[in-house]
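The block underneath contains the structure these notes are about, expressed in structure tokens.
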Amino acid sequence: MLGALRHRNYRLFLTGQIVSTVGTWMQSVAMPWLALQLTHSALLVGVVLAAQFLPVLVGGSLGGVVADRYRKRNVLIATQALFMVPSFALFALSATEHAQYWMVIVAAFATGTINMFDIPARQAFVIEMVGKQDLMNAIALNSSVFNASAVIGPAVAGLVIAAVGVPICFLANSLSYLGAIVALLLMRDLPTIARHHEEGPFLARLAQGASYARREPVVGMLLVAVAVFSLFAMNRLTLIPLFADQVLHVGAHGFGFLLASMGLGALVGALTLAFFPAFGADPRRQLWMAMIWVAALVEFSISRVFLLSMAALFVAGYCQISFVAAANSRIQTLTPDRLRGRVMALYAQALIGVGPLGALQAGALAQRFGAPWAMAIGAVVAGAVVMAIRVFSPAVFQPSQTSSPAAAKTGRSHRSART
């Protein structure tokens, strides 16, 4: 239990993430709010969010190449320092009342571009801090921090915006990255990964992660499953406001409770994996989590009782984090060290990059058929894909695959030398 906390470097990393993630969530509230104040257009607010995620979708593989080529800690120190720039710029512009909408777009795109390099390096760095034995526990703890921050950060941001205005949220986020930078600088005795200085054209090296995912069916199918769920079943910010307003008639107050219920379920799911990491290593449980997730979303789509809807979202949040964290751990365990950055870039594209596309399809379905049908159709499509994977590629959800030859090879490329 909590084996990842045995590692000093991971304790430092987690402490830095607690500080910076709260700041990130504060900015995630402040940036669209500022855009709304400047434009009074929901569509233009959506463009800001799309600008933030588009670089990960389009250029994530480039970030993976960088993560595989350079020391991941050095990459993360650079990205954390760069994150401070657009945040501080937004603080200065909004505090002096010089902010314009195009400036918010530029800041969002800059943040997304930095994320393009940060996410693959951060995902692949975890195993270097804790090893394979404690990887599931570390991923679960990361998820716990993320979901706890998703409750704390927006709440603090709302109070700050009401009390002193938007600019302080940007300043808080900019300063929060100092915690992550200090934590990274204090790390010692990280293992030196055997680095393969690959020859050949850059584009060929760029495509090696995708090539490996095609050759390794478990990795490839898990990436497909994550992408499909992200595309069709993770559209809470698009659809749940419609449920609160048009279906359940509970207003903004009820919308907050619905989001909090889903966030609490995700937090409980992450803590469950943190205390019982063996749960995340069982592919059969992962399949069950996927199907219960689908059932919970369908139940939410047909419910007209507020408390029942909250309960369905709690279950959905629990199963969502359980499925995604298990996929993350299994993909990293099966992937060789020399390709882990590029494969985790594909994971980031599957989980985060397709978000704007998912919001678009959910919005279109809701516009045409209504929010309940949009939610139900998305859930059923995601469930159907998972069942198709189970039928046509059964190894994905069989326990024996967690100890495949590819996984065994991963450990051989570690050297005992220390940095």
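Just a few scattered comments:
- [x] 32, 28, 20; [y] 38, 22, 20; [z] 55, 21, 19, with the label sought being that of the calculated semi-axes √(5λ) of the Cα gyration tensor in Å: [x]
- Rounded to the nearest 500, the helix-only mean residue ellipticity at 222 nm of the chain stands at -26500 deg cm²/dmol, with each DSSP H run of n ≥ 4 adding -39,500 (n - 2.57).
- The dipole here belongs to segment 1-187: it is taken about the Cα centre, uses +1 on the Cβ of Lys and Arg and -1 on the Cβ of Asp and Glu, and is about 580 debye.
- At an R0 of 30 angstrom, the distance between the Cβ atoms of residue 102 and residue 249 translates into a FRET efficiency of 0.20.
- Sequence-distant contacts, meaning Cα pairs under 8 Å at least 6 residues apart, place the relative contact order of the chain at 26 percent.
- Derived scalar couplings ³J(HN,Hα) [segment 69-80; Karplus, 6.51 cos²θ - 1.76 cosθ + 1.60; whole Hz; x for Gly, Pro]: 8, 10, 4, 5, 4, 5, 4, 5, 4, 5, 5, 5
- Integer Hz, Karplus 6.51/-1.76/1.60 couplings in order for segment 317-329, x for Gly and Pro: x, 4, 6, 4, 5, 5, 5, 5, 5, 5, 4, 4, 5
- If the segment from residue 276 to residue 159 were pulled out straight at 0.36 nm per residue, it would be longer than the present Cα-Cα gap by 38.6 nm.
- Spatial separation of Cα centroids for segment 6-42 and segment 45-77, in angstrom: 16 Å
- For segment 125-169, the equivalent ellipsoid derived from the alpha-carbon gyration tensor has semi-axes of 34, 10, 4 Å in decreasing order.
- Karplus-derived 3J(HN,Hα), 6.51/-1.76/1.60, for each residue of segment 337-343, Hz, glycine and proline x: 4, 5, 10, 4, x, 5, 5
Rule-based calculations on the coordinates, nothing more; no lab input. All of these numbers come straight from a predicted model, not from anything done at the bench. Note: ideal-geometry Cβ built from the backbone for every residue, glycine included; neighbour counts use all protein chains shown.
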